[in-house]
Ligand SMILES: [Mg+2]
């Protein structure tokens, strides 16, 4: 797909983090299954994966604080609920929550996609202002600091629990644009989530580009299969 029109007037990019720049390794399902196993509960990994998908997607709203409001305490509470929902069989759910919280705080539990470092380097050389905008919580700072490919970007993080709003709330995108020092019309959000990264960004006045690494989702939205394709579209546009 030709994404060149996307670059018209674009001077900055907000990259989503999880699924776009980094991914858990081992998988989320493996980490949860291992946490259950440590308490003597053996679960099927596919079942755990399916449960996680349901619980992760069902709690974007904190009714007490309003739609998409968040902070560090809210995120911690949210993850405690997700762990309890995914692993209801455990005798000690709090122990599993603490173990998994720490696990996903550790940079060694994550890996950077191989196309990330080359893409960020070329885009920076091209003069594009870059930041990472994520619904992850404050743990992302430690994760980014510990991944060599991303460590230089640790001061370029816009994190929902620090902003006070999760994607796709427009306040989140306003904060990301403020971080870049650019108006929304000159910023593109690139990520793997249709609603959080693309449609939400568009509603806030940014451009949106779906990173579809699986290339299996039919989409009428602008999309690329990897970050090399994103870079190539920039280079072709000059
Ligand atoms: Mg993502």
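What follows draws every value from the coordinates through simple rules; no lab data is involved. Note that the structure is a prediction, hence the values are computed from the model and not measured. Here the Cβ is made from the backbone with ideal geometry for all residues, glycine too, and neighbour counts use every protein chain on show.
Overview of results
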quantity: Segment residue 124-residue 213, length gained on full extension (0.36 nm per residue, minus Cα span); calculated: 29.8 nm
quantity: All-pairs alpha carbon distance profile, region 24-108, 10 Å steps from 0, percent; calculated: 17, 50, 28, 5
quantity: Folded to 0 to 90 degrees: helix 170-180 orientation relative to the chain principal axis, Cα; calculated: 60 degrees
quantity: Spherically averaged projected area in nm², based on the convex hull that wraps the Cα atoms of the chain; calculated: 12.5 nm²
quantity: Inter-centroid distance (Cα atoms) of region 192-238 relative to region 130-166, Å; calculated: 20 Å
quantity: Ellipticity estimate at 222 nm from DSSP helix runs (n ≥ 4, -39,500 (n - 2.57)) divided over the chain, nearest 500; calculated: -11500 deg cm²/dmol
quantity: On Cα atoms only, tilt of 28-37 relative to the major axis of the chain in degrees; calculated: 10 degrees
quantity: Virtual spin-label span in nm between residue 151 and residue 27, 7 Å along Cα→Cβ; calculated: 3.1 nm
quantity: Using alpha-carbon coordinates, inclination of helix 227-236 to the longest axis of the chain, degrees; calculated: 10 degrees
